[in-house]
Amino acid sequence: MLPQPTGGRPIAGEGEPTVRRERGALVVAVTGHLDMDNIEPLSATLRRAAEDGAAPVVIDLSAVTFADSATINVLLQAHHVLGPALRLAAPSAVLARLFTLTGLDTVLPLYASVAQAIDAESPASPMADSGGREG
């Protein structure tokens, strides 16, 4: 069963991205619940990355426990703006299932790990190097 959203009260620290530079990539890690109540910090971080011309931009999704349509919207907008510079890494089991159910696993550039996303020369076919879904 999927965890339920927080009912309008974001949990401290959840959804708040942490940003680091790793081997030339901007790595944005998010944790916990991502929903309409706390998605704005991630959205703002991705907007700044696009404005700054950061490339590649890797979003580490390994610690995400819940995501709603607002999350999907932010990821699709980032994909539109950043194009091949956007790389989604290590989606948690919850997100992997969401991406599969919505068909986004065929649209968004998914990688099995942050390292694979950083090292990729161009967008991969979904989870290409992992032999399939993880989680």
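The values are calculated or read from the model by the stated rules, or taken from the named source; none is laboratory data. Quantities reported herein were computed from a predicted structural model and do not represent experimental measurements. Neighbour counts are summed over all protein chains in view; Cβ atoms, including those assigned to glycine, are modelled from backbone coordinates with ideal geometry. The accessibility values were calculated without ligands, DNA or RNA, using every heavy atom of the protein model including side chains. Shrake-Rupley method; radii C 1.70, N 1.55, O 1.52, S 1.80 Å.
A few comments on the model shown:
- Each peptide in 111-119, 55-63 receives the mean, over its residues, of other Cβ atoms within 10 Å, and ordering these scores from highest gives 55-63, 111-119.
- Amide H partners (placed H, <5 Å) of residue 59, local residues excluded: 28, 87, 88, 89
- In the complete set of protein chains, residue-level accessible area for residue 51 is approximately 140 Å², probe 1.4 angstrom.
- Spin-label model, residue 121/residue 97: points 7 Å from Cα along the beta carbon direction are separated by 3.7 nm.
- Placed amide H near residue 65: partners under 5 Å, 5+ positions off or other chain: 32, 33, 34
- The stretch between residue 76 and residue 51, if pulled fully straight at 0.36 nm per residue, gains 7.3 nm over its current Cα-Cα span.
- Between residue 19 and residue 106, the FRET efficiency estimated from the beta carbon spacing at R0 = 41 angstrom works out to 0.90.
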